[in-house]
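Data first, discussion second: the structure below is written as structure tokens.
The values are calculated or read from the model by the stated rules, or taken from the named source; none is laboratory data. Just so it is clear, the model here is predicted, and its values are computed rather than measured. Note that each Cβ is placed from the backbone with ideal geometry, even for glycine, and that neighbours are counted across all protein chains shown. Only protein heavy atoms, including side chains, enter the accessible area calculation; ligands, DNA and RNA are left aside. Shrake-Rupley method; radii C 1.70, N 1.55, O 1.52, S 1.80 Å.
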Amino acid sequence: MTPLEEALEMLERHPLCDHCLGRQFALLGHGIENNDRGKALKLSLTLQASAFNQSKNAEGLKNLKILATNGFSREAADTLRRLKKRISQKSQPRPCFLCENRLQIIDDLVQKTLKKIANYEYTTFLVGVELPVAVEEREDEFKAVFAISYGESIRHEFGRLLGKKIEAQTDKTVEYRKPDMVLIINPFTEDVKIQVNPLFVAGRYRKLVRHIPQSKWFCSSCRGKGCEKCGWTGKLYPESVEELVSNQLLKAAEGEKTAFHASGREDIDARMLGSGRPFVVEISKPKKRFLDLRKLGETINDTAKGKVEVSNLHFTSKDIVRRLKKGESAQKEYRVLMEFESDVSEEGLRVLEEKLTGALIKQQTPLRVLHRRADLTREKYIYEVKVKKLSPKKAEMKIRCQGGLYVKELVSDDEGRTTPSVSGLLGNRAKPIKLDVLNVIMEE
Ligand SMILES: [Zn+2]
Ligand SMILES: [Zn+2]
């Protein structure tokens, strides 16, 4: 069968609009819109039917009537009128069998959608199409009956047309992998839902003071609801790096909430110095995406002055969050101030440097975190250790090691749970007094 014969057979059975007829032949010919394909088929069939009619072939009149009613063809109807043939009342046009004429309201759907997203900043979007089950079932059945092999589905047709028209009216771009927004449009209920994808802002932070946790720490008694113990704040600590950094970003982006992702974390009583620790703030449902990050960085540093400092703020994507988590075991540099029970000798400290540089440390989960972490033994490598004596009982140790090493326990030995340790190697009980993270070395 030729495409023309196939098209006529379809129209004989069902009313079909130009889009729905044309898309059954979508893979024939390039650079043609489906409605133009449908229109071309109907025009060709009208010419053919006219010729049949002139040569007194009864098919001619019959086909013109089919085209005028089921094909909604103005040309076929005009031809019939010239022949003074009337179209019977019962064959008045019914809506398109497949789309119920919904492919004719695309422009209205576009306007409705644009209104809904008018208050959002975005550069890329994707259209998702929601269809009633009955519509898809009908389409499947139609495909089976007519053995459609080069057609395009109704879902594709809606999605492609809506995407193209929105692109043309907004100069934004359709993007399949990581769109800023997904517009979910149901052409049958005319319902438009929008799904705003998160905005990711990356940077590095330095924590200049002790006793601020990295993340918001809920009160353990009330779990955030607020109680007497936490002074009705719901929090165990009034501030955190997370809040000091995220709050300004959330406000500027007019988002719903934030999540704070970092490459590892320092203890509450440790500072984070050097070039800082890499982090990503994930902002849910942002209305604004075109943020001035340089200015925002300054605002954060002003409001968190003396406590937290951010640098190198830049936009990033979800992939980086995954890499940050992986990077938890990236190299870290620490400085710890140690106090000993008995006096230490320069010679003892040189031995310590020698024994710890290049050492593989076996650590059982520290007693202080055992209540929230599984009891495991981990092995962490130390690249380099340098020790400086400050007084008979005090020394400063700088270490560069694999991330995840518990430095306080490396000093104390944690009741024998960390080996080797400073206490163990020197036979002199050592206590960590102050801890700073000097550097987080990440491949970026
Ligand atoms: Zn249709
Ligand atoms: Zn509380």
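If you run the Gaussian network model on the chain, springs between alpha carbon atoms under 10 Å, then out of Val280, Val351, Val145 the most flexible one is Val145. The share of accessible area on the chain that comes from carbon and sulfur is 49 percent, using a 1.4 angstrom probe. Taking amide hydrogens as placed 1.01 Å from N in the peptide plane, the amide H of Thr123 sits under 5 Å from those of Asp180, each at least 5 positions away in sequence or on another chain. Note on Val369 and Ile441: with the Förster distance fixed at 30 Å, the Cβ-Cβ geometry gives a FRET efficiency of about 0.80. Specify whether the C-alpha gyration tensor of region 223-305 places it in the rounded, prolate or oblate class, a ≥ b ≥ c being the square roots of the eigenvalues: rounded for a/c under 1.5, otherwise prolate if a/b is larger than b/c and oblate if not. Oblate shape, in that a/c is at least 1.5 and b/c is the bigger or equal ratio. Within region 77-154, the trypsin sites (Lys or Arg not before Pro) that combine a DSSP coil assignment with at most 10 other C-beta atoms in a 10 angstrom radius are Lys84, Arg86.
Residue by residue, region 45-59 carries 3J(HN,Hα) couplings of 5, 5, 4, 4, 5, 4, 5, 4, 4, 5, 8, 6, 7, 4, 4 Hz when phi is fed to the Karplus relation 6.51 cos²θ - 1.76 cosθ + 1.60 (θ = phi - 60°); x denotes Gly or Pro. Summed over the residues of the chain and divided among them, the accessible surface reaches 53 Å² per residue at a probe radius of 1.4 Å. Taking amide H positions as modeled 1.01 Å from N, with prolines and chain starts lacking one, the residues under 5 Å from Glu256 and 5 or more places away or on another chain are Ser284, Lys285.
Which residues does the label zone of Thr173 cover in region 302-318, counting backbone N under 18 Å from a point 7 Å along Cα→Cβ? Backbone N within reach: 315-318. Could you tell me which of rounded, prolate or oblate describes region 372-444, using a ≥ b ≥ c as the square roots of the eigenvalues of the alpha-carbon gyration tensor, with rounded for a/c under 1.5 and, failing that, prolate when a/b is larger than b/c and oblate otherwise? It is oblate, given that a/c is not under 1.5 and a/b is not larger than b/c.
Computed from the C-beta positions of Val182 and Val145, the FRET efficiency with R₀ = 51 Å rounds to 0.95.
Coupling constants for region 153-168 follow from the phi torsions by the Karplus curve (6.51 cos²θ - 1.76 cosθ + 1.60, θ = phi - 60°), and in residue order they are 6, 5, 4, 4, 4, 4, x, 5, 5, 4, x, 4, 5, 5, 4, 5 Hz; glycine and proline get x.
Maximal additional length on extending the Asp302-Ser342 stretch stands at 9.9 nm, based on 0.36 nm per residue less the C-alpha distance. For the pair Asn312 and Lys355, label points projected 7 Å from Cα toward Cβ lie 3.7 nm apart. Over the chain, DSSP H runs of length four or greater, each weighted -39,500 (n - 2.57), average out per residue to a 222 nm ellipticity of -10500 deg cm²/dmol.
Extension gain, Leu43-Val209: 0.36 nm per intervening residue step, less the Cα-Cα distance, totals 51.9 nm. Computed from phi, the 3J(HN,Hα) profile of region 210-222 under the Karplus parametrisation 6.51, -1.76, 1.60 (θ = phi - 60°) reads 8, 6, 10, x, 5, 10, 4, 10, 6, 4, 6, 6, 10 Hz, with x in place of Gly and Pro.
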